[in-house]
Amino acid sequence: MLRIDNPSVESAPIAERVREVCTQPFAYDGKLIPISLSIGIVAATIDQHDPEMLMKYADLALYAAKASGRATYRLFDPCFERDLLTRKALEVDLRLALKLNQFDLHFQPIIDLATQRIVNCEALLRWSHPVLGAVPPSQFIPIAEEIGLITDLGRWVLARACLAARTWPANVKVSINLSPRQFDGIDLIAHVGSALAASDLPASRVELEITESILLRDNEHVLRILAELKNLGLRIALDDFGTGYSSLGYLQRFPIDKIKIDQSFVRDLTTNPEACLIVESIGALANKLGLTTTAEGIETEAHAVLIRAMGYVEGQGYYFDRPLDGETCHARLWAQANAIHAIGAPVI
């Protein structure tokens, strides 16, 4: 217990010092083990010093620190309690949403930069809440991860995305995001197989997108699952490449077919020379390794021109198309196929 006269000002350097001292890595079994620390702070006042209540508020502040990205601190704010109640209500509604058929899929086109044609569409989960309306994925996906619902949601997305893609022109693939939680058990292979069988969709038309957090585990279990997915005939894409703990070793150790450069780099292409150098270098290396390269977050013509000049194969972003509902996506793809057929070009 510390006596602080001005918590909003004085707590910051104290929290930083505690975090600095407590996050020093330590050696174990010949390896350096990193440590992360989140801190919740609450200030007792003359009229509010009940220990139980203070612990509750400190816990809420800690939760806020973790929610903001971890490895930081937060001073208690009364809005934290309101936010927690809102989250708990959302958690209850989320558990019912799948049973009540409140989810839907939208699809964002991925463009072949050489032909300017749609060659792939990424399946994106959407939740239409009966009261709140459209709930952003950034809000409900982390909750689904925490409460263990993401595996059921992932299975639903796999099934629906494959069924939708079966009605598209045969040259268009579908990209489906996988959660790290889906790799925890042995069900993923069965779920993928079931989705392919039910839709009668060739495995070669399915691309599974994974993030570096899956590869960070770097264990035989993950490697075995990825190998089995590849054996089924599916393609594996490494999403958001360039963020987090990107390692070129992933491209050698794991069976990756494609890398998707994170949109944060693409966004800065016209203003940051270092971003240009990073994007160009990653693209050149991937091409030499025989990997397909996709740039996300292309929002302007200048972005598209630069990305194409850097040798990237595919592009994705609002410049080409926003996420489309299933019916609109279906119509767009067949309009493209019919236009190609009308001018006598092969449907690629």
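The values are calculated or read from the model by the stated rules, or taken from the named source; none is laboratory data. Worth saying up front: this structure is predicted, and the values here are computed from it rather than measured. Virtual Cβ from ideal backbone geometry, glycine too; neighbours counted across all protein chains shown. Please note that ligands, DNA and RNA were not included when accessible areas were found on the heavy atoms of the full protein model with its side chains. Shrake-Rupley method; radii C 1.70, N 1.55, O 1.52, S 1.80 Å.
Here is how the numbers come out for the structure above:
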read-out	value
Single residue of 224, 217, 235, 205 found to be basic (Lys, Arg) and at pLDDT below 85	217
Filter pass, residue 108 being in contact (Cβ under 8 Å) with a residue 12 or more places away in the chain and either buried (at least 19 other Cβ atoms within 10 Å of the Cβ) or among the small types (Gly, Ala, Ser) (or both)	yes
Single residue of region 1-44 satisfying the filter (exposed (fewer than 10 other Cβ atoms within 10 Å of the Cβ) and of a type in the set (Asp, Glu)) that is modelled with the highest pLDDT	29
Residues satisfying the stated conditions in region 45-56, i.e. modelled with pLDDT under 75 and either under 24 Å from residue 22 (Cα atoms) or assigned to a helix (DSSP H, G or I) (or both)	53, 56
Cβ-Cβ under 6 Å pairs, at least 6 apart or on other chains, region 256-285 side touching a residue at least 12 places away in the same chain (Cβ under 8 Å), far side surrounded by fewer than 16 Cβ atoms within 10 Å (Cβ to Cβ) and of a type in the set (S, T, N, Q)	262/243
Search result, residues across region 185-206 that are surrounded by fewer than 16 Cβ atoms within 10 Å (Cβ to Cβ) and either under 22 Å from the mean Cα position of the chain (by Cα) or under 16 Å from residue 122 (Cα atoms) (or both)	185, 186, 187, 189, 204
Any chance residue 252 is at pLDDT below 95 and either surrounded by fewer than 14 Cβ atoms within 10 Å (Cβ to Cβ) or at positive phi (or both)	yes
Helices (runs of 4 or more DSSP H) wholly inside region 210-280 that include at least 1 residues being more than 22 Å from residue 310 (Cβ to Cβ) and over 21 Å from the mean Cα position of the chain (by Cα)	220-232, 248-253
Residue list for region 314-334, filter: within 17 Å of residue 108 (Cβ to Cβ) and either of a type in the set (A, V, I, L, M, F, W, C) or over 21 Å from the mean Cα position of the chain (by Cα) (or both)	320, 324, 327, 328, 329, 330, 331, 332, 333
Qualifying residue in region 65-84 (condition: at pLDDT below 75, among the small types (Gly, Ala, Ser), surrounded by 10 or more Cβ atoms within 10 Å (Cβ to Cβ) and not in a loop (DSSP other than H, G, I, E, B))	yes
Check on residue 333, surrounded by 18 or more Cβ atoms within 10 Å (Cβ to Cβ), in contact with a Cys (Cβ under 6 Å, 6 or more places away or on another chain), more than 27 Å from residue 180 (Cβ to Cβ) and not charged (D, E, K, R)	no
Test: residue in region 142-150 that is open to solvent by 60 Å² or more (accessible area, probe 1.4 Å), outside any strand (DSSP E or B), among the hydrophobic types (A, V, I, L, M, F, W, C) and modelled with pLDDT of 90 or more	no
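The rows are residues; the columns are (1) touching a Gly at 6+ places or on another chain (Cβ under 6 Å); (2) open to solvent by 10 Å² or more (accessible area, probe 1.4 Å); (3) farther than 17 Å from residue 316 by Cα.
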{"site": "208", "(1), (2), (3)": "no, no, no"}
{"site": "223", "(1), (2), (3)": "no, yes, yes"}
{"site": "226", "(1), (2), (3)": "no, no, yes"}
{"site": "230", "(1), (2), (3)": "no, yes, yes"}
{"site": "239", "(1), (2), (3)": "no, yes, no"}
{"site": "242", "(1), (2), (3)": "no, yes, no"}
{"site": "267", "(1), (2), (3)": "yes, yes, no"}
{"site": "272", "(1), (2), (3)": "no, yes, yes"}
